[in-house]
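What follows draws every value from the coordinates through simple rules; no lab data is involved. Computed from a predicted model, the values in this text were never measured in an experiment. Using ideal geometry, Cβ is built from the backbone for each residue, glycine included, and neighbour counts are taken over all protein chains shown.
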Amino acid sequence: MPASKAELNNFRVSTRRARLLVDQVRGQQVGRALALLDLSPRRFAKPLAKLVRSAVANAEVKNERDKAGIDVDNLVISKITVDEGASLWRIRPRAQGRANWVQKRTSHVLVELEER
């Protein structure tokens, strides 16, 4: 059972771009993952770091509420997944009065932390 989890739904980034960053932090300790995300130049790094911090805060609240004895310093990102969200369809004008459809993709991200 995970120590805590946090979820980010309908974020405007394609799943392919998000998974490139998520694969780097999967299985890492929380402190190391946050350091890696803070130094990353990718646009999705800041929202992902915020999501990991939210999961840590959830673990702290759960620890205080349930007297679970969780050590926040030993938390590890045990599971992190990126799934497709709804796509927004937009029209891009083209030459000679034509138009093309463009998909603006969204993602759902789930982070689960465990103590090791």
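Those strands (runs of 3 or more DSSP E) of the range 6-116 in which at least 3 residues are among the aliphatic types (A, V, I, L, M) and surrounded by 18 or more Cβ atoms within 10 Å (Cβ to Cβ), considering only elements entirely within it, cover 75-84, 107-115.
The set of residues in the range 49-89 being under 30 Å from residue 105 (Cβ atoms) and among the β-branched types (Val, Ile, Thr) consists of 52, 56, 76, 77, 80, 81, 82. Take the residues in the range 73-116 that are in contact with a Leu (Cβ under 9 Å, 6 or more places away or on another chain) and among the basic types (Lys, Arg); name whichever of them is farthest from residue 2 (Cα to Cα). Among those residues, the one meeting the criterion is 104.
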